[in-house]
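Novice: Quick one: structure below, then a few questions.
The values are calculated or read from the model by the stated rules, or taken from the named source; none is laboratory data. These numbers were taken from a predicted model, which means no experiment stands behind them. Backbone-built Cβ (ideal geometry, glycine too); neighbour counts: all protein chains shown.
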């Protein structure tokens, strides 16, 4: 879904990719172990011919543990990539912007519970446009207002789907 | 003939519903724009539009979604030809010769040929869908729990072939999806599993998860690099290809469409693979194979008819068996369930009128695609200049509002956001998202049917190998699962040979061709 596959089959792993893959594998294993522990408390089935509610989650979790173990093994075994050529290095992605974007989305959701769609959305849109480098305050405000109105028209008016009003205004 | 009769009735019913036609037109137009914008895929378009269909009648909603699907697959060719940026993975093959034609000053003809080929390939595939679907559905009606279980396992086995770069990572995504699918009420006893006391989790909220994984995750990714898009460089001259030029492509288009339809029917193989296979075959059959890669019109025609030929094929298994062949049809399956329709053989029995009206509508969608495609090419430049810094916030806002609209639930939006964040990290480190969605759909089907079959057989596991269809499907599933491994072993053995475009290796799925 994302990065292009490495050309020519085997290539080395950059240290940060190795670390990230290991962290992900460990996290998934933790989820799998937790799933198995919780499944231990599921009640046994009443039917004699049934395997009960815990069997499938446990099978899936055990499979995840095995697959993650293989991934960890492969990741540790993979050779290290040669250091990046600074001339050919990809432009650095700004993870800070992504993190702020995610936090802003969470903040927008939180705010929507209280102040509703009509107030939270334009502020959110304005903030994201600013975050992505648009510095024209008036144009941003206008675009944010128009988009908010368009989405409102599409959902609330055309499709009769109510949008959150906010607990302060209910 | 039953199918033709039903289709004519369907067409009659369709033309009595102008609103549905209007929404189909809207879907096709939006699909073309979404497909043309690099970074936005047909899957994302369908995921964003999914909540909109909630307030509509089933026909309008499904036609709009189909329009986005068809338009999205075709739209990718516009930027592929003009800018060598494939708008969708399927257009990566089109970019090879399409952009070379643009460099020669034949952008207009290339775009026109792409439009006509897409139309012909897509229309042919819908006709095949119309005539094959009822047959397949009648066959599948005979399925009992054990066959349905085997079918679900077969559906799950394609995870191995849609995993992209790493099969292990694809399988981890798939099993994570399966584990996630067990959240909610146990299908036999009704015991709530992993719900943490939240009643909202009694059913897996798979539409919010889908919107998060496919739309929000992409939007978060585009926050990384908020560059303004490249503008349209080429001026378009003549768009409709002259007859003497197009006539030579008809055989090529027919072959490529056929290949696309067959590939579309294979679960796990999508439009991107179809485009590359069609490209390879067109080159093999061509009298001038040396021109391929240097701006050959036949290559554009083959890729586009192959990619669009896939659409009907992919819809065939989704509608008749309930197995989505790829990510787009998986999301479309969500649209059907949102309308209270269960894809599978019963759909053809209980809702035959609706299904055939939908088929008639799909044919109309392709005609709309042809008209809108040819009419909009000259304006496309302006749309493509829409800055990312406006598009991304807009997509995120649509994700939020759209998710809320499904159940009027803020809880669902939090699920969407969580899925978006997880999806972003998955994408970053090559864990594919499609297996998660596939597992969310097929997991409950597999578990429920397995346990039902077990009860029916009195607790004996015999049904796994004594029932022929079950045994065959399970065998195919195991083979499908093993195929990438065998292919890899084979590739390692024969490494060192000349490299050709090998779509089956999955390398064509994501990147642009070198």
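Okay, residues lined up against (1) within 23 Å of the chain's Cα centre (by Cα); (2) modelled with pLDDT of 85 or more:
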position: B:425; (1), (2): yes, yes
position: B:464; (1), (2): no, yes
position: B:493; (1), (2): no, no
position: B:500; (1), (2): no, no
position: B:510; (1), (2): yes, no
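Novice: Tell me whether the stretch A:4-17 contains one or more residues that are modelled with pLDDT of 85 or more and touching a helix residue (DSSP H, G or I) at 6+ places or on another chain (Cβ under 9 Å).
Specialist: Taking every residue of the stretch A:4-17 in turn, at least one turns out to be modelled with pLDDT of 85 or more and touching a helix residue (DSSP H, G or I) at 6+ places or on another chain (Cβ under 9 Å).
Novice: Please go through the stretch A:45-77 and give me each residue that is out of contact with any strand residue (DSSP E or B) (no Cβ under 9 Å at 6 or more places or on another chain), closer than 14 Å to residue A:28 by Cβ and more than 8 Å from chain B (Cβ to nearest Cβ), ordered by number. Reasoning before the result, please.
Specialist: Taking the stretch A:45-77 and keeping what is out of contact with any strand residue (DSSP E or B) (no Cβ under 9 Å at 6 or more places or on another chain), we get A:45-52, A:55-56, A:58-74, A:76-77.
From what's left, closer than 14 Å to residue A:28 by Cβ: A:60-72.
Across the stretch A:45-77, the qualifying residues are A:62, A:65, A:66, A:69, A:72.
Novice: In this structure, does residue B:135 turn out to be within 14 Å of chain A (Cβ to nearest Cβ), surrounded by fewer than 24 Cβ atoms within 10 Å (Cβ to Cβ), more than 19 Å from residue B:449 (Cα to Cα) and at pLDDT below 90?
Specialist: Considered against the rule, which asks whether it is within 14 Å of chain A (Cβ to nearest Cβ), surrounded by fewer than 24 Cβ atoms within 10 Å (Cβ to Cβ), more than 19 Å from residue B:449 (Cα to Cα) and at pLDDT below 90, residue B:135 comes out as no.
Novice: Counting only residues that are surrounded by fewer than 18 Cβ atoms within 10 Å (Cβ to Cβ) and on the phi < 0 side of the Ramachandran plot, how many does the stretch A:116-153 have?
Specialist: From the stretch A:116-153, those surrounded by fewer than 18 Cβ atoms within 10 Å (Cβ to Cβ) are A:118-119, A:123, A:130, A:133, A:135-139, A:141-142, A:145-146, A:149-150, A:152-153; that's our starting set.
This time we only want the ones that are on the phi < 0 side of the Ramachandran plot, so: A:118-119, A:123, A:130, A:135-139, A:141-142, A:145-146, A:149-150, A:152-153.
Looking only at that region, the number is 17.
Novice: Another question, then. Going residue by residue through the stretch B:223-245, is there one that turns out to be surrounded by 15 or more Cβ atoms within 10 Å (Cβ to Cβ), within 23 Å of the chain's Cα centre (by Cα) and at pLDDT 85 or above?
Specialist: Among the residues of the stretch B:223-245, not one is surrounded by 15 or more Cβ atoms within 10 Å (Cβ to Cβ), within 23 Å of the chain's Cα centre (by Cα) and at pLDDT 85 or above, which makes the answer no.
Novice: Quick check on the stretch B:170-202: of everything there that is within 7 Å of another protein chain (Cβ to nearest Cβ) and touching a strand residue (DSSP E or B) at 6+ places or on another chain (Cβ under 9 Å), which residue is nearest to residue B:482 (Cα to Cα)? I'd like the intermediate steps shown before the answer.
Specialist: Taking the stretch B:170-202 and keeping what is within 7 Å of another protein chain (Cβ to nearest Cβ), we get B:171-172, B:175-176, B:178-179, B:182, B:186, B:188-189, B:191, B:193-194.
From what is left, the residues that are touching a strand residue (DSSP E or B) at 6+ places or on another chain (Cβ under 9 Å) are B:182, B:186, B:191, B:193-194.
On the way: B:182: 25, B:186: 30, B:191: 35, B:193: 32, B:194: 32 Å.
Here the answer is B:182.
Novice: Moving on. Those residues that are more than 8 Å from chain B (Cβ to nearest Cβ) and in contact with a helix residue (DSSP H, G or I) (Cβ under 6 Å, 6 or more places away or on another chain), I need them from the stretch A:145-166; list them, please.
Specialist: Answer for the stretch A:145-166, where residues must be more than 8 Å from chain B (Cβ to nearest Cβ) and in contact with a helix residue (DSSP H, G or I) (Cβ under 6 Å, 6 or more places away or on another chain): A:145, A:166.
Novice: Quick check: is even one residue across the stretch B:363-371 under 27 Å from residue B:204 (Cβ atoms) and either more than 21 Å from the chain's Cα centre (by Cα) or away from chain A (no Cβ under 14 Å) (or both)? It would help to see each step written out before you state the result.
Specialist: Quick first cut of the stretch B:363-371, residues under 27 Å from residue B:204 (Cβ atoms) only: none.
No, the stretch B:363-371 has no match at all.
Novice: Something else: Got at least one residue in the stretch B:111-128 being surrounded by fewer than 24 Cβ atoms within 10 Å (Cβ to Cβ), more than 14 Å from chain A (Cβ to nearest Cβ) and modelled with pLDDT under 90?
Specialist: Within the stretch B:111-128, not a single residue is surrounded by fewer than 24 Cβ atoms within 10 Å (Cβ to Cβ), more than 14 Å from chain A (Cβ to nearest Cβ) and modelled with pLDDT under 90.
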